[in-house]
Amino acid sequence: MATSAIYRVPHRRRKEGKTDYKLRLGLLKSGRPRAVIRKSNRYIRASIIVYDPDGDRCVVSADSRELKKFGWTLSCKNLPAAYLTGYLCGRRALKKDIKSAVSDLGLYDAKYNKRLYAVLKGLIDSGVEIPADESKFPQEERLRGEHIKAVSYTHLRAHETSLHLVCRLLL
């Protein structure tokens, strides 16, 4: 509470723990679109956001729910789903002539969130130039889903591999 005449009330979104304004200002000063990656308990969302004085504009986005349209039947929050969501968003961004962006991971602790870096890796592999530290990306075997392959790959047809699913995303 205000105890003196010089007390400054913080922004509402800062008080709620939703926005780091210092980080946001640094991202906006770059002049490039932001690759915003957010996760919930069930889904992962990747968006390319462009700054506008009247309010930020979402140019393209992809949600892990959309993978079900391509035949994905496993969880929409695991590492392969995160990678494919980033790849799908990156392909859509290239169709809108967005070739570079800066990553915006929000307030998540990036040390423990490999799913966020899986989305970032998918964006980079699709052709969008994003500066990132390669050492933080998950291992290729985990991106391909080999750690869950022994459990179940029933979402694939009998003659397909996981690469066929990625090819279906490109169509």
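The values are calculated or read from the model by the stated rules, or taken from the named source; none is laboratory data. These numbers come from a predicted model, not from an experiment. Neighbour counts run over all protein chains shown; Cβ positions are idealised from the backbone, glycine included.
Numbers for the structure displayed
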item	result
Qualifying positions in the range 75-90 - buried (at least 19 other Cβ atoms within 10 Å of the Cβ) and either part of a helix (DSSP H, G or I) or small (G, A, S) (or both)	L79, P80, A81, A82, Y83, L84, T85, G86, Y87, L88, C89, G90
Some residue of the range 126-139 being assigned to a helix (DSSP H, G or I), modelled with pLDDT of 90 or more and either on the phi < 0 side of the Ramachandran plot or touching a strand residue (DSSP E or B) at 6+ places or on another chain (Cβ under 7 Å) (or both)	yes
Qualifying residue in the range 54-62 (condition: surrounded by 20 or more Cβ atoms within 10 Å (Cβ to Cβ), modelled with pLDDT under 95 and either more than 20 Å from L143 (Cβ to Cβ) or under 10 Å from the mean Cα position of the chain (by Cα) (or both))	no
Residues being under 21 Å from I148 (Cα atoms) and among the polar types (S, T, N, Q) - total across the range 57-114	6
